[in-house]
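So the structure is just underneath, and the comments pick up after that.
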Amino acid sequence: MNVPAHIAIIMDGNGRWAKERGQIRLKGHQAGMEALHDIVKACSDMGVKVLTVYAFSTENWKRPADEVSGIFALLVRYVAKELKELKANNVRIRLLGDIAPLPDAARKAVLEAVNDTAEDTGLVFNIAINYGGRAEIVRAAKQLAQQAKDGSLDPADITEDLFAAQLYTADLPDPDLIIRTGGELRLSNFLTWQSAYSEIYVTDTYWPEFTPEKLTEAIEAYNGRDRRFGGIKA
Ligand code: FPP
């Protein structure tokens, strides 16, 4: 099996999973957090270089306040519960998104996770929090415009590589495979720049039920894809 270097996941379907069980939506996110534990471990064991998960989008603030605060509380719990094992597995945590508006406890927890794993050399585990692909592109454009204004950059020198270096994913390969659970056929503002040539795999399975076996199925489907990057088959 050819393991993708970078797998990105839209962890959708937590709410529907909970509803089908007569439980509140937050129970679905809680079960989703447990599913995530197994997927991170599986990616680390398989030798995936980068795993990126969409934990909270710039649009998710529109949800009821108790669900939003519940997701951030889960994030705090996730770090408290998992940090030791992540470190033991040499996993390095990075963040994608603007964490400034997060509640203090959540911001502190994720920064602690980033700092404590900064020297780890195994799986790079990107957690997208308050992330939006368009916001990320606007941020990059602003950074380059500022450099041009300061006189340290000639706009004529802006290339795709230079632009990509301003993104949260600077230095990381683009996702080879984007998995979306929960059946919706869209990217929802996730990795808008980086997904240009990603293979997309959608499964109806709700995120809490997405197991390492299902991850293997997704990778097998990916292995059957013919990636041409705009060229023709050799
Ligand atoms: C989408 O399902 C899921 C989210 C918006 C939150 C994802 C959060 C977790 C998996 C748990 C916490 C994460 C970490 C990193 C600790 P949905 O609510 O849109 O489901 P629905 O489409 O069925 O309503």
Would you pick out the residues in segment 75-104 that are more than 25 Å from Thr58 (Cα to Cα) and touching a Phe, Trp or Tyr at 6+ places or on another chain (Cβ under 9 Å)?
-> Leu86, Val91
Could you figure out which of (1) of a type in the set (S, T, N, Q); (2) more than 10 Å from the ligand (Cβ to nearest atom); (3) under 20 Å from Ala8 (Cβ atoms) isn't true of Asn115?
-> (3)
Can you tell me which of Glu209, Glu136 is in contact with a helix residue (DSSP H, G or I) (Cβ under 9 Å, 6 or more places away or on another chain) and within 26 Å of His29 (Cα to Cα)?
-> Glu209
Enumeration of residues in segment 11-32 that are near the ligand (Cβ under 8 Å from one of its atoms) and either in contact with a strand residue (DSSP E or B) (Cβ under 6 Å, 6 or more places away or on another chain) or within 18 Å of Arg180 (Cβ to Cβ) (or both) | Met11, Asp12, Gly13, Asn14, Gly15, Arg16, Trp17, Gly28, His29, Gly32
Quick check: anything in segment 207-222 acidic (Asp, Glu) and in contact (Cβ under 8 Å) with a residue 60 or more places away in the chain?
-> yes
When residues of segment 189-234 are filtered for being closer than 27 Å to Leu167 by Cα and exposed (fewer than 15 other Cβ atoms within 10 Å of the Cβ), how many remain?
-> 7
Identify, from the list Asp161, Asp104, the residue that is under 28 Å from Tyr222 (Cβ atoms) and over 17 Å from the mean Cα position of the chain (by Cα).
-> Asp161
Run down Val40, Val68, Val53, Val79 and say which single residue is within 10 Å of the ligand (Cβ to nearest atom), out of contact with any Gly (no Cβ under 8 Å at 6 or more places or on another chain) and without any contact (Cβ under 8 Å) to a residue 24 or more places away in the chain.
-> Val68
Among all residue pairs at least 6 apart or on different chains, which show Cβ distances below 7 Å where the first residue, located in segment 22-37, is without any contact (Cβ under 8 Å) to a residue 12 or more places away in the chain and the second is in a helix (DSSP H, G or I)?
-> Ile24/Ala18; Lys27/Ala18
Is it the case that Lys87 is away from the ligand (no atom under 13 Å from the Cβ) and either within 16 Å of the chain's Cα centre (by Cα) or surrounded by 20 or more Cβ atoms within 10 Å (Cβ to Cβ) (or both)?
-> no
How many residues does segment 95-136 hold that are outside any helix (DSSP H, G or I), buried (at least 18 other Cβ atoms within 10 Å of the Cβ) and of a type in the set (D, E, K, R)?
-> 0
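None of the figures in this text is laboratory data; all of them are computed from the coordinates on show. Remember, it's a predicted structure, so these values are computed and weren't measured experimentally. Positions of Cβ are backbone-derived with ideal geometry, glycine not excepted, and every protein chain shown enters the neighbour counts.
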